[in-house]
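One structure is given below, encoded as structure tokens.
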Amino acid sequence: MQRLPTIGSKLPAVGTTIFTVMSRLAAEHDAINLSQGFPGFDCSPRLQEQVVKYLRGGYNQYAPMPGVPALREVLGRKTADLYGVAYDPDTGITITSGATEALFAAITAVVRPGDEVILFEPAYDSYAPAVELNGGVPVYVTLTPPEYAVDWAQVAGRITDKTRLMVVNTPHNPTGRVWTQDDLDRLAALVRDRDIMLVADEVYEHITFDGRPHISLMTHPTLRERTFVCGSFGKTFHITGWKVGYCLAPPELTVEFRKVHQFLTFSTITPVQHALADYLREPEHYLSLPAFYERKRNLFLESIGASRFRFAPTQGTFFQNVSYADITDGSDYELAIRLTKEIGVASIPVSVFYHGQNDYRILRFCFAKDDDILKRAGERLSKL
Ligand code: PMP
Ligand code: GLN
């Protein structure tokens, strides 16, 4: 009789992501789903028509491994116009299957067994597993509410001879915090003379509020030369389901990045890349985003203005964090489940983005939804 092999998990601590758990619970209870971050409205019909045009036009075989040239070229021009940095489409720009792939490929290109990787927590949930699957060790710097400012003394204290990479996320999911020029300067001072690379997760680059600029890591000369900047079209064009992202990096880094990318997915969906190349030529599609989402943020905040939640307006992303300390002493996980089942509004408990226990009592709400949904959610939340 043959012996069945045992798989032995490489990620024993990982379960189903909170996004799946909460979205499923919201559907089961017919709740307003402000948990998982995705727009509740559709993308532009023009963009859809462009995809159809390329689908029908025979653009249905493998794209070139680094991405469709037209998309890389227009992305290069957009980046030069917006941030004043010229990445060469051939040697510095790679199109990926979502930012998730870009992050995984960049981390895999750098991290070897035993390397330490600094993560700022609360951290987006894909970073630590990517580090661990490569044999790396996540080392955490804690950001605490309500400010979530980076404690640079803490960062300095976490750096050791084994530190090989830091993952930076600005604007930051889940807290909405936007890094300042001072943050970038302090980061540069710490990494300048060390063998430390950077991954910059900038998927919310076009969603910042109150006139606050997004300061990309690529704009800092010391940081640029050691950074993989990861982006996504999902957040910018309301197409999270299409899973198209990219990585911008100096040539030597791009060579190593593409070695991973070509065996992870090889290439990314062809007709969508062509359609995005056309659409990206018109800057108003992304330049209109701050005003679009700032209005929604304000509307949501107004709708919970009389509630017992406490909050500071989020600086960026389409997430608003609120404190429920005046409402209950219970855990955020329990409260998120209770609110979904009992008042019909689903949120994300922010403690899940920390590796240890904490009692900050914060929930995250996604306000990328139609106005009437946000108002209805606000009415329900105000009854608590
Ligand atoms: N990073 C952050 C901070 C995100 O919020 C997300 C998606 N919500 C991603 C990466 C993944 O982006 P994509 O959907 O393009 O893979
Ligand atoms: N990034 C989205 C969020 O933060 C979810 C992405 C996912 O479901 N994997 O809610």
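The values are calculated or read from the model by the stated rules, or taken from the named source; none is laboratory data. Since we're looking at a predicted model, the values are computed, not measured. With ideal geometry, Cβ positions are generated from the backbone for all residues, glycine too; neighbour counts draw on all protein chains shown.
Numbers at a glance
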quantity	calculated
In the stretch 41-68, the residues that are small (Gly, Ala, Ser) and either within 14 Å of ligand 2 (Cβ to nearest atom) or on the phi < 0 side of the Ramachandran plot (or both)	Ser44, Gly57, Ala63
Test set (1) under 22 Å from Thr314 (Cβ atoms); (2) crowded, with 22+ Cβ neighbours inside 10 Å - His214 fails condition number	(2)
Unmet criterion (only one of (1) surrounded by 14 or more Cβ atoms within 10 Å (Cβ to Cβ); (2) touching a residue at least 12 places away in the same chain (Cβ under 8 Å); (3) within 16 Å of ligand 1 (Cβ to nearest atom)) for Ala70	(3)
Hits in the stretch 28-63 - residues which are closer than 22 Å to Leu280 by Cα, part of a loop (DSSP other than H, G, I, E, B), among the polar types (S, T, N, Q) and under 26 Å from the mean Cα position of the chain (by Cα)	Ser44
Residue list for the stretch 4-28, filter: free of Cβ contacts under 8 Å to residues at least 12 places away in the same chain, of a type in the set (A, V, I, L, M, F, W, C) and over 15 Å from Ala128 (Cα atoms)	Leu4, Ile7, Val21, Ala27
Restricting the stretch 22-40 to residues that are out of contact with any Phe, Trp or Tyr (no Cβ under 8 Å at 6 or more places or on another chain) and within 10 Å of ligand 2 (Cβ to nearest atom), the residue that is farthest from Leu339 (Cα to Cα)	Phe38
Residue within the stretch 122-130 that is within 16 Å of Phe257 (Cβ to Cβ), hydrophobic (A, V, I, L, M, F, W, C) and at pLDDT 95 or above present	yes
Test: residue in the stretch 159-169 that is in a strand (DSSP E or B), among the polar types (S, T, N, Q) and touching a strand residue (DSSP E or B) at 6+ places or on another chain (Cβ under 9 Å)	yes
Filtered residues of the stretch 206-248 (kept if within 11 Å of ligand 1 (Cβ to nearest atom) and of a type in the set (D, E, K, R))	Lys235, Lys243
Which numbered condition Ala102 fails, given (1) of a type in the set (Gly, Ala, Ser); (2) farther than 24 Å from Thr254 by Cβ; (3) touching a residue at least 12 places away in the same chain (Cβ under 8 Å)	(2)
Complete set of residues in the stretch 83-139 that are farther than 20 Å from Pro69 by Cα, within 14 Å of ligand 1 (Cβ to nearest atom) and outside any helix (DSSP H, G or I)	Leu119, Phe120, Glu121, Pro122, Ala123, Tyr124, Asp125, Ser126
